[in-house]
Structures are given as structure tokens and as C-alpha cells.
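Here the structure comes first, spelled out in C-alpha cells, and everything after it is commentary.
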Amino acid sequence: MGKKQLRYSLTLRIYGEEKCFGPGIAELLERVDEVRSLRKATISMEMAYSKAWRIIKTAEESLGFPLLRSTTGGRGGGGAELTPEAQDFLQRFRRFEEAVRGYADEAFLEIIG
């Protein structure tokens, strides 16, 4: 019987009092940044709008800064955009993920083979 290819899975989450930031909220923020709408972002992720608001509010409380700046509808329509702090934190989280995955890849090859 031949040797099977092994792989690993790694998911990073940041905790305050409770889980406050991870790959799900990072993706949500990236989609909001792309489509400029929380509602459109949740639809594209098949996520309930109420759940999105809940995880955003939890993250904001733990991180200590707002993640989104929203505008209400009207002639031009409403929308949402990331705050400068959210853009910075999201970028740093993605860099952290990349660094940890690099370390984990090296350790996996060295230790597991």
C-alpha cells in the first residue's frame, strides 16, 4: 500500500473576553470593502444579516474601535465602508495568518514529513 499524502488545517482566531476575530469576519469585512454594503456582503456569503451585525458588534467591543461606517439609504442609496482602524487591523490579521502558516508549513514538513 502506497504512502498517502498528508495535510493539515490551521484556523486562527483572536480572543478578547470571547472569540472576536477570525477568518469569517475577515472575509465579511473584505466583501463589505469590495461591494460597499453589509447587506450585499452577507447575501454573497449566505449569512444572516442579524448574525453579521452580531459578530461585528462583538468584535468592535473586544477590539475597542468601530469596524464599519454606515450610511442610510436615500436617493443615492445607503452603504457601508470599513473604518481606517478596520482596514489596518484586517491587513495586520492577514499578515499574521500568512506568517503563522509559513511557520506551520515548515514545522509540518520537518516534524510530520
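See the values below:
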{"quantity": "Using alpha-carbon coordinates, inclination of helix 23-35 to the longest axis of the chain, degrees", "calculated": "50"}
{"quantity": "Accessible carbon and sulfur surface of segment 1-56 relative to its total accessible area, %, 1.4 Å", "calculated": "48"}
{"quantity": "Part-to-part distance (alpha-carbon centres) for segment 97-113 and segment 17-76, which is given in Å", "calculated": "31"}
{"quantity": "Val100 versus Lys40: modelled label distance in nm, points set 7 Å from Cα along the beta carbon direction", "calculated": "3.1"}
{"quantity": "Residue among Ser50, Ser70, Ser62 with the largest mean-square fluctuation in a Gaussian network model of the chain, springs linking Cα atoms under 10 Å", "calculated": "Ser50"}
{"quantity": "Nonlocal amide H pairs with Cys20, under 5 Å, H built at 1.01 Å", "calculated": "Ile14, Tyr15"}
{"quantity": "Average accessible area per residue (Å²) across segment 1-91 - probe 1.4 Å, nucleic acids and ligands excluded", "calculated": "69"}
{"quantity": "Coil-residue GluC sites (Glu not before Pro) of segment 2-82, DSSP, other Cβ within 10 Å capped at 16", "calculated": "Glu17, Glu18, Glu46"}
{"quantity": "Label-point separation, Glu17 to Ser70 (7 Å along Cα→Cβ), nm", "calculated": "2.1"}
{"quantity": "Inter-site label distance for Ile112 and Leu6 at 7 Å from Cα along Cβ, in nm", "calculated": "0.7"}
{"quantity": "Net charge dipole size for the chain [Lys, Arg +1 and Asp, Glu -1 on Cβ; Debye, nearest 20]", "calculated": "440"}
{"quantity": "(i) 34, 16, 12; (ii) 53, 14, 12; (iii) 25, 23, 13, with the label sought being that of the calculated semi-axes √(5λ) of the Cα gyration tensor in Å", "calculated": "(i)"}
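The values are calculated or read from the model by the stated rules, or taken from the named source; none is laboratory data. The shown structure was predicted, so the numbers you read here are calculated from the model rather than taken from an experiment. Neighbour counts run over all protein chains shown; Cβ positions are idealised from the backbone, glycine included. In case anyone asks, the SASA skips ligands and DNA or RNA and just uses the protein heavy atoms, side chains included. Shrake-Rupley method; radii C 1.70, N 1.55, O 1.52, S 1.80 Å.
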